[in-house]
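S.K.: Structure in structure tokens, see below.
The values are calculated or read from the model by the stated rules, or taken from the named source; none is laboratory data. No experiment lies behind these values; they were computed from the predicted model shown. Cβ atoms come from the backbone with ideal geometry, glycine included; neighbour counts cover every protein chain shown.
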Amino acid sequence: MEKSPPATPSEAWEGDSSSQGSNSSQVVSFYDTTTMQPLQLDASWLPIYEETEDAVDFILAFVSSLDKDTHKFTFLKSTYVVCKTALKRGLTRGLDLFCQMCEVVENIKDLLDKEPRDRLSSKIRYLAMITIEELSLVENVLEGKTKILLSACFSSVLLLPSEREMPHQNTSLYIKTLKAMDTMLRTVVLSFPASSISEELQDIFQMLLEYTRFEREAVRERAVGRIAVLTNLLSNYSTLKAFGRYLHSSERTDVVLEAIEAMKDPSILDKDVPCSMLDVIMEDTDFWVTDVPKTVKCIFENLLYTTTEAGCMKVESLFLLMTTQYPSAVVISLCEMALQGDSTLQELCDTLSSKPDILDKFLAELATLHRNQWCNPPREGTRASHRASSLGQVDLEELGEEPNIWSNQGNPDVMTAFLMLEVLLGLSERMEMGKKIEAFLPSMMKILEVGSEDEKLKIIEVFRNVLSQLKKSKASSMAVALVGKILPLFDSDSVRLRELSLWLLRDLVRSVARRDEKKMRRQVQNALIPLLFRVNDQVPSVAKASREALFAAAELLKWKQLKHLLQKERMWELGECLIKKRRSRVEGFMYQSLPYLRDPQSPVRLAAVRFIGCATRHMRDQDMETQAHILTALQPLERDRDISISSLAAHTGLLLRAPRVQRRSWVILHTLCCWCR
């Protein structure tokens with residue numbers, strides 16, 4: 001059987017107070033004790049008037065009173081009773097006009113504005129919240145006024161001192177007030193008409209986001225909590241989700257960023273709120289994650305500082321989900337973070353290395369992008385990439401102020417292609433990439449063929465880092481395939497590239513397994529001449545690296561004499577040793593040495609002339625075409641500014657031009673010229 005309506009408005013208030021968990025005791029019949037008189041207006045036309053006559057009259061009296069502070073509690077109670085009873089009895093007709101006439105909304109705002117911000121000592125805020133909730137359910141009452149009213153609510157409650165700073169006796173009132181605000185927010189949002197919901201939600205989110213930027217921790221915590229309330233509400237109501245897309249994308253992004261940052265905020269003791277926000281975000285990432293780069297950056301700036309294990313797992317889950325749904329955008333966003341400097345790159349690599357699941361997905365997509373960048377047919381812009389990176393660093397001004405992360409062909413742009421190598425190098429220094437290296441091999445090999453010097457240098461460094469992590473069983477086949485790719489790098493204009501490629505060769509030779517030794521010996525044969533001449537490099541570090549690589553080759557080839565000469569540093573005998581050991585390949589060696597006659601370093605040119613002269617003596621048959629080819633290569637050196645080179649080149653030319661029967665008599669003289677200078 002339906003209950004009869006309360007006999008008086010005070011009974012209605014008491015009943016609701018108990019349902020709200022109020023600690024208030026018996027409420028006196030405040031209408032009987034007041035001496036205020038209502039405005040001389042006839043409110044009897046209101047359908048609700050007969051039910052709540054005293055409350056209506058009090059509201060009329062309050063709005064004309066000069067002593068509103070004394071009767072503010074009663075005003076809020078009266079408004080609450082009138083609205084709640086009207087809604088329950090279906091008697092709301094005309095109530096919007098009554099509230100407008102009495103400026104009910106404006107009066108509530110004024111009461112909230114006058115509440116002290118440094119303490120919570122009365123129930124005014126709580127009463128205002130539950131009253132606003134009832135007002136929002138009455139059609140048209142809050143139309144056009146929601147923003148100013150909620151702004152007053154937020155200012156009055158969010159700016160209070162922290163809970164720790166409140167007197168103990170006020171703690172329960174604070175919790176009660178905050179819960180009332182959340183309930184009110186839900187009700188207000190659900191009461192919005194379809195035509196205005198998008199605009200109203202934008203306003204609410206924007207107001208709350210302003211408070212998340214406050215310096216005080218308690219203010220930020222409360223604002224994030226209210227955002228969580230609305231976020232959960234959006235996820236639970238399909239109609240609101242549909243309208244939610246009308247929120248500005250930047251506002252949705254701000255909500256996501258605030259939830260992530262809240263996970264590390266030590267002031268937010270209850271991490272359930274931001275965790276639940278992230279749950280909602282992950283239910284519909286297409287809706288919430290409107291700016292992948294900003295979100296990725298926020299995750300990696302906060303992940304290491306997240307204070308709870310549950311929070312860390314939640315943030316990681318969001319990243320993994322984003323990587324699954326937007327793999328290329330996530331990886332490129334991470335790469336572009338490297339633009340901020342070395343420390344950012346280091347932090348990025350450290351974070352990735354410490355999160356195996358994230359790292360696996362990152363490397364898989366990075367390998368895919370590498371293959372797209374380097375293993376597809378050449379495209380316009382590749383040369384620009386090589387030109388830009390050959391400067392030793394990315395020239396931001398030359399490439400544009402805001403380069404797009406994608407080129408027109410759907411591949412990473414010049415900037416990002418370079419940064420991908422930076423990140424790959426950084427990761428290879430901090431973690432074991434041995435298990436993942438196969439995925440990168442095609443693109444890395446291609447870079448060694450057609451990349452710029454700087455790109456090649458990064459790949460060499462990656463290989464050196466990774467090689468030290470691999471067992472021989474896994475490194476061996478890769479080492480055999482790689483040797484041929486790095487031989488041209490020994491003669492690079494870049495000192496650093498020459499040196500590191502030579503050290504890499506040494507490491508590759510030493511990493512070969514027994515099953516691949518035969519294949520490696522064939523590859524090393526082609527490296528002997530470059531190594532022989534780089535021993536004479538003017539840069540001491542390059543010469544040392546070449547000697548070490550040549551020694552490793554001698555060990556693989558089991559050439560004891562070559563090892564002995566290197567150990568005794570009898571470098572002038574290396575060429576003769578090489579020729580005697582491989583007489584069948586002398587002509588090939590000689591042709592391989594001809595480019596070194598044009599080397600910019602005079603010690604290398606001199607070594608090449610010596611070797612060619614020595615090789616000529618050991619060639620049994622030499623056709624006219626070969627002889628002419630060698631003489632043509634030697635002729636410019638006869639005018640070399642280095643007198644030792646010009647004289648030796650002239651002697652070698654005379655030897656080649658002389659009839660075969662005269663050559664034997666010149667052998668001793670030429671040998672002295674070759675090896676004693």
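S.K.: What helices (runs of 4 or more DSSP H) completely inside the stretch 530-600 contain at least 2 residues that are at pLDDT below 85, surrounded by fewer than 21 Cβ atoms within 10 Å (Cβ to Cβ) and among the basic types (K, R)? Spell out how you get there, then give the answer.
M.R.: Numbers: elements: 540-557, 560-567, 574-581, 586-593.
Answer list for the stretch 530-600: 574-581.
S.K.: Now for a different question. Before we move on, is V524 farther than 25 Å from S476 by Cβ and out of contact with any Cys (no Cβ under 6 Å at 6 or more places or on another chain)?
M.R.: no
S.K.: Kindly evaluate S155 against the criterion of being outside the structural domain of E258 (by TED's automatic domain parsing) and part of a loop (DSSP other than H, G, I, E, B).
M.R.: Details: outside the structural domain of E258 (by TED's automatic domain parsing): yes; part of a loop (DSSP other than H, G, I, E, B): no.
Here the answer is no, as S155 does not meet what is asked.
S.K.: Turning to a different aspect of this structure: Mind counting the residues in the stretch 58-73 that are assigned to a helix (DSSP H, G or I), surrounded by fewer than 20 Cβ atoms within 10 Å (Cβ to Cβ) and not hydrophobic (A, V, I, L, M, F, W, C)?
M.R.: Summing the residues that are assigned to a helix (DSSP H, G or I), surrounded by fewer than 20 Cβ atoms within 10 Å (Cβ to Cβ) and not hydrophobic (A, V, I, L, M, F, W, C) in the stretch 58-73 gives 0.
S.K.: Could you check the stretch 297-339 and list, in sequence order, the residues that are under 16 Å from E258 (Cβ atoms) and in a helix (DSSP H, G or I)?
M.R.: Within the stretch 297-339, K297, C298, I299, E301, N302, L303, Y305, G311, K314, V315, L318 meet the criteria.
S.K.: So T351 passes all but one of these: (1) closer than 30 Å to R216 by Cα; (2) polar (S, T, N, Q); (3) touching a Pro at 6+ places or on another chain (Cβ under 7 Å); (4) surrounded by 16 or more Cβ atoms within 10 Å (Cβ to Cβ). Which condition number does it fail?
M.R.: For T351, the exception is condition (3).
A quick yes/no check of all residues on (1) more than 24 Å from Q100 (Cβ to Cβ); (2) hydrophobic (A, V, I, L, M, F, W, C); (3) not assigned by TED's automatic domain parsing to the domain that holds I227:
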residue	(1), (2), (3)
A128	no, yes, yes
E133	no, no, yes
S136	no, no, yes
L142	no, yes, yes
I148	no, yes, yes
L160	yes, yes, yes
K176	yes, no, yes
T187	no, no, yes
E210	yes, no, no
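S.K.: Could you give me the residue pairs with C-beta distances under 6 Å whose first residue belongs to the stretch 106-128 and is part of a helix (DSSP H, G or I), whose second residue is among the hydroxyl-bearing types (S, T, Y) wherever it lies, and which are 6+ apart or on separate chains?
M.R.: Short answer, once both residue conditions are applied: L112/S156; R125/S156; R125/T177; Y126/T177.
S.K.: Let me ask another. Can you tell which of E499, E455, E461 is in contact (Cβ under 8 Å) with a residue 60 or more places away in the chain, assigned to a helix (DSSP H, G or I), out of contact with any Cys (no Cβ under 6 Å at 6 or more places or on another chain) and crowded, with 18+ Cβ neighbours inside 10 Å?
M.R.: Working: E499 fails: in contact (Cβ under 8 Å) with a residue 60 or more places away in the chain; E461 fails: in contact (Cβ under 8 Å) with a residue 60 or more places away in the chain.
Within the list E499, E455, E461, the selection yields E455.
S.K.: When only residues in the stretch 239-282 that are among the basic types (K, R) and surrounded by fewer than 18 Cβ atoms within 10 Å (Cβ to Cβ) count, which is modelled with the highest pLDDT? Even if it seems obvious, please write down each step before you answer.
M.R.: Filtering the stretch 239-282 for residues among the basic types (K, R) gives 241, 245, 252, 264, 271.
In the following step, the residues that additionally are surrounded by fewer than 18 Cβ atoms within 10 Å (Cβ to Cβ) were identified as 241, 245.
Details: K241: 74, R245: 58.
By that ranking, first place goes to K241.
S.K.: Please go through the stretch 283-314 and give me each residue that is farther than 15 Å from K241 by Cβ and surrounded by fewer than 17 Cβ atoms within 10 Å (Cβ to Cβ), ordered by number.
M.R.: P293, K294, L304, Y305, T307, T308, E309, A310, M313
S.K.: Please go through the stretch 483-496 and pick out each residue that is crowded, with 20+ Cβ neighbours inside 10 Å, β-branched (V, I, T) and touching a residue at least 40 places away in the same chain (Cβ under 8 Å).
M.R.: If the condition is that a residue be crowded, with 20+ Cβ neighbours inside 10 Å, β-branched (V, I, T) and touching a residue at least 40 places away in the same chain (Cβ under 8 Å), then V483 is the only one that fits.
S.K.: If you don't mind, there's one more thing I want to ask. Go through (1) surrounded by fewer than 21 Cβ atoms within 10 Å (Cβ to Cβ); (2) not in a loop (DSSP other than H, G, I, E, B) for R93 and report which single condition fails.
M.R.: Exception for R93: condition (2).
S.K.: Can we say L318 is surrounded by 19 or more Cβ atoms within 10 Å (Cβ to Cβ) and under 20 Å from E432 (Cα atoms)? Show your work before the answer.
M.R.: Details: surrounded by 19 or more Cβ atoms within 10 Å (Cβ to Cβ): yes; under 20 Å from E432 (Cα atoms): no.
No; evaluated as a whole, the condition is false for this residue.
S.K.: Being within 23 Å of M181 (Cα to Cα), polar (S, T, N, Q), surrounded by 22 or more Cβ atoms within 10 Å (Cβ to Cβ) and free of Cβ contacts under 8 Å to residues at least 60 places away in the same chain is true for just one of T131, T52. Which residue is that? Walk me through it before giving the result.
M.R.: Numbers: T52 fails: within 23 Å of M181 (Cα to Cα).
Of the residues listed, the single one that is within 23 Å of M181 (Cα to Cα), polar (S, T, N, Q), surrounded by 22 or more Cβ atoms within 10 Å (Cβ to Cβ) and free of Cβ contacts under 8 Å to residues at least 60 places away in the same chain is T131.
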